[in-house]
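Everything on this sheet refers to the single structure shown next.
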Amino acid sequence: LMSGVKNNVGRGINIALVNGKTGELLDTKFFDMWGGDVAPLIEFLKTIQDGTIVLMATYDDGATKLNEEARKLITELGSTSITNLGFRDNWVFCGGKGIKTKSPFEQ
């Protein structure tokens with residue numbers, strides 16, 4: 001879904017959205033949480049539709065610009081570790097929009 005060869009990964013938080021019924025790749029994006037702005041990440045998270053599988057992984061620094069609103073939106077996708085994510089922490093996560101429980105796929 002994402003790779004350096006496809007040139008769709010970058011510093012910060014890398015996200016892939018997958019249709020939860022068909023398995024079709026819907027979108028890939030990355031958000032620079034060191035030199036970038038958190039606002040585009042927040043807006044992107046708000047547009048995710050119910051039933052979408054959300055895959056996230058950090059590269060380099062994924063936490064410096066994260067604020068409470070961004071962390072809350074990621075928590076709503078099933079994350080329990082995002083609240084403790086710090087500078088240059090490694091983090092991978094698989095959750096979903098509309099999930100009723102916490103995701104077991106997070107490290």
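Worth pointing out:
- For the chain, the per residue solvent-accessible surface stands at 57 Å², with DNA, RNA and ligands left out and a 1.4 Å probe.
- Taken about its Cα centre, the chain carries a charge dipole of about 220 debye when Lys and Arg each add +1 at the Cβ and Asp and Glu each add -1 at the Cβ.
- Computed with a 1.4 Å probe on the full set of protein chains, the accessible area for residue 11 sits at about 90 Å².
- Accessible area (Å², 1.4 Å probe, nearest 10) - residue 3: 40 Å²
- Candidate residues 64, 58: accessible-area rank, largest first, probe 1.4 Å: 64, 58
- Count Lys and Arg as plus one, Asp and Glu as minus one, and take only other residues whose Cβ is under 13 Å from that of residue 33; the net charge is then 0.
- The residues 37, 32, 61, sorted by heavy-atom accessible surface at 1.4 Å with ligands and nucleic acids left out, run 37, 32, 61 from largest to smallest.
- Modelled spin labels at residue 81 and residue 43, positioned 7 Å past Cα toward Cβ, are 2.9 nm from each other.
- The modelled label-to-label distance for the pair residue 100/residue 3, using points 7 Å beyond Cα in the direction of Cβ, is 3.8 nm.
- Per-atom-type breakdown for the chain gives carbon and sulfur 54% of the accessible area (1.4 Å probe, protein chains only).
- In sequence order, segment 76-81 has phi-based couplings of 5, 7, x, 6, 10, 8 Hz under the Karplus curve 6.51 cos²θ - 1.76 cosθ + 1.60, θ = phi - 60°, and Gly or Pro positions carry x.
- Net charge dipole size for segment 44-83 [Lys, Arg +1 and Asp, Glu -1 on Cβ; Debye, nearest 20]: 40 debye
The values are calculated or read from the model by the stated rules, or taken from the named source; none is laboratory data. Being a predicted model, the structure only gives us computed values, none of them experimental. Cβ: placed from backbone, ideal geometry, glycine included. Neighbour counts: every protein chain shown. Note: areas computed on protein heavy atoms with side chains; ligands, DNA, RNA excluded. Shrake-Rupley method; radii C 1.70, N 1.55, O 1.52, S 1.80 Å.
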